[in-house]
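What follows is one structure encoded as structure tokens, with my remarks underneath.
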Amino acid sequence: MTTENTIEALETRIAFQEDAIDKISDVVARQERELEKLWLMVQHLSQQLKQLDSGELDNDSGHQPPPHY
């Protein structure tokens, strides 16, 4: 393999590696956004559970027995 062929092969490998790095970077960025959304959802649900335990939620009307009991 000549020096020119070796350089060309290395340039080709670098191009593929750069493409793979770009794709991985995009995936990581998307997962970071999804993780942030999930974290916010967990915080919200945790707060709702705390309110439910302390009886602060207004949605108790569906859990009360009908008036004829």
> Within the stretch 51-61, how many residues are surrounded by 10 or more Cβ atoms within 10 Å (Cβ to Cβ) and modelled with pLDDT of 60 or more?
Replying inline: 4
> Does the stretch 30-50 include one or more residues that are exposed (fewer than 10 other Cβ atoms within 10 Å of the Cβ), assigned to a helix (DSSP H, G or I) and modelled with pLDDT under 95?
Replying inline: no
> Is there any pair linking a residue in the stretch 1-22 that is among the hydrophobic types (A, V, I, L, M, F, W, C) to one that is surrounded by 10 or more Cβ atoms within 10 Å (Cβ to Cβ) and modelled with pLDDT of 95 or more, with Cβ under 9 Å and at least six apart or on different chains, and which?
Replying inline: M1/A9
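The values are calculated or read from the model by the stated rules, or taken from the named source; none is laboratory data. All values derive from a computational prediction rather than experimental measurement. No Cβ is skipped: glycine too gets one built from the backbone with ideal geometry, and neighbour counts run over all protein chains shown.
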